[in-house]
1. Being in a loop (DSSP other than H, G, I, E, B) and either in contact (Cβ under 8 Å) with a residue 60 or more places away in the chain or open to solvent by 80 Å² or more (accessible area, probe 1.4 Å) (or both) is the filter here; which residues of region 87-110 pass it?
2. Is there a residue being touching a Ser or Thr at 6+ places or on another chain (Cβ under 6 Å), more than 11 Å from the ligand (Cβ to nearest atom) and of a type in the set (Lys, Arg) anywhere in region 41-55?
3. Sort out which residues of region 29-54 are of a type outside the set (Val, Ile, Thr), under 16 Å from the mean Cα position of the chain (by Cα) and surrounded by fewer than 16 Cβ atoms within 10 Å (Cβ to Cβ), and write them in order of number.
4. Which one of these is without any contact (Cβ under 8 Å) to a residue 40 or more places away in the chain and either away from the ligand (no atom under 13 Å from the Cβ) or of a type outside the set (Phe, Trp, Tyr) (or both): Gly37, Gly16?
5. Within region 125-225, considering only helices (runs of 4 or more DSSP H) that don't extend past its boundaries, which have at least 1 residues that are open to solvent by 20 Å² or more (accessible area, probe 1.4 Å) and within 16 Å of the ligand (Cβ to nearest atom)?
6. Kindly indicate whether any position in region 35-47 is β-branched (Val, Ile, Thr), part of a helix (DSSP H, G or I) and over 16 Å from Leu4 (Cβ atoms).
7. Checking Asp61 against (1) surrounded by 15 or more Cβ atoms within 10 Å (Cβ to Cβ); (2) not in a helix (DSSP H, G or I), which single condition isn't satisfied?
Amino acid sequence: MTALPPAGRYAPSPSGDLHLGNLRTAILAWALARGTGRAFRLRVEDLDRVREGAEARQLEDLAAVGLDHDGEIVRQSERGDAHAAAIAELTTRGLVYECYCTRREILEAPSAPHAPPGAYPGTCRDLTAREREAGRERMRALRREPALRLRAEVSTWSVRDRFAGEVTGAVDDLVLRRGDGVVAYNLAVVVDDAAQGVDQVVRADDLLSSAPRQAHLAQLLGLPVPEYAHVPLAVNALGERLAKRDGAVTLRDRLALGESAEQVVERIGESLGLPGCRSARDVLERWDPRSLPSEPWVVDLPA
Ligand code: GLU
């Protein structure tokens, strides 16, 4: 197999139209990839939260702001065999166990000593054969499958982030496959990034705390760990993550109000301290990643 060229990527979940914050992240991912001589890949993360028609609209929006990409668009829903192979490999190495807990039981369980908040308390990690049989019985009654969890052998992992520097975060017995049979995001993202040659992950910094888990999984699977570059989120005037309820925040909303895609890109450029950019290419030519604002982008739009 020929080695894939190094690449950056944008990996939206097709859950709705892209808003200005999403587009800013996409433009930055593209500009950093292109500016460092990389290919740029698109991947549709459609394992979950899929809204009819959203994928086609998102791809149109990315093209409208001037983002080109290399190779085929990958859909995560078509990557089941690769995801299953990764879980099988971890299973062979004794690194996977079945979990019969409900969400509620996990929330209500006392957390293990020294465990980070929200970490799985390890309830199903060391069950006897008889306890497992009872757990499976219970799952059958609930018409669910057991979730599959990683038997983590570390509790923290460190990654390098281009903007945040060295980041050490929690690794717990994370879910690899959910009780409804859907492969977990953390596993899919690691397997799919590697398969697309992605060695540079630019995305919003609400995912920074997931990077150590993902890097650890990559390392366990013998996959290269990408460089991370988490960029600030877009927020509303109250400092909350930008969302539909904030009014006309998607590209489509702005176009419906009579703005052009160039004007939307111009607004995004301004948020980066680059007034007068009319296209993603202008951003690429003028953006110095070292000047990225470290604060969230407070989006304040004329209605
Ligand atoms: N699909 C995720 C999202 O749209 C992004 C995942 C990633 O970039 O790793 O929030």
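The values are calculated or read from the model by the stated rules, or taken from the named source; none is laboratory data. All of these numbers come straight from a predicted model, not from anything done at the bench. Every residue, glycine among them, receives a Cβ derived from its backbone with ideal geometry; neighbour counts consider all protein chains shown. Surface areas here come from the heavy atoms of the whole protein model, side chains and all, with no ligands, DNA or RNA. Shrake-Rupley method; radii C 1.70, N 1.55, O 1.52, S 1.80 Å.
1. First, pick out the residues of region 87-110 that are in a loop (DSSP other than H, G, I, E, B): 93-95, 100-102, 109-110.
Hits for region 87-110 are Arg93, Leu95, Pro110.
2. For region 41-55, residues touching a Ser or Thr at 6+ places or on another chain (Cβ under 6 Å), more than 11 Å from the ligand (Cβ to nearest atom) and of a type in the set (Lys, Arg): present.
3. Once the filter is applied, which keeps residues that are of a type outside the set (Val, Ile, Thr), under 16 Å from the mean Cα position of the chain (by Cα) and surrounded by fewer than 16 Cβ atoms within 10 Å (Cβ to Cβ), region 29-54 yields only Arg49.
4. Numbers: Gly16 fails: without any contact (Cβ under 8 Å) to a residue 40 or more places away in the chain.
Result: Gly37 is the single residue among Gly37, Gly16 that is without any contact (Cβ under 8 Å) to a residue 40 or more places away in the chain and either away from the ligand (no atom under 13 Å from the Cβ) or of a type outside the set (Phe, Trp, Tyr) (or both).
5. Working: elements: 129-142, 185-195, 211-220.
Helices (runs of 4 or more DSSP H) meeting the threshold: 185-195, 211-220.
6. Pass one, region 35-47, residues β-branched (Val, Ile, Thr): 36, 44.
Still in the running and part of a helix (DSSP H, G or I): none.
Among the residues of region 35-47, not one is β-branched (Val, Ile, Thr), part of a helix (DSSP H, G or I) and over 16 Å from Leu4 (Cβ atoms), which makes the answer no.
7. (2)
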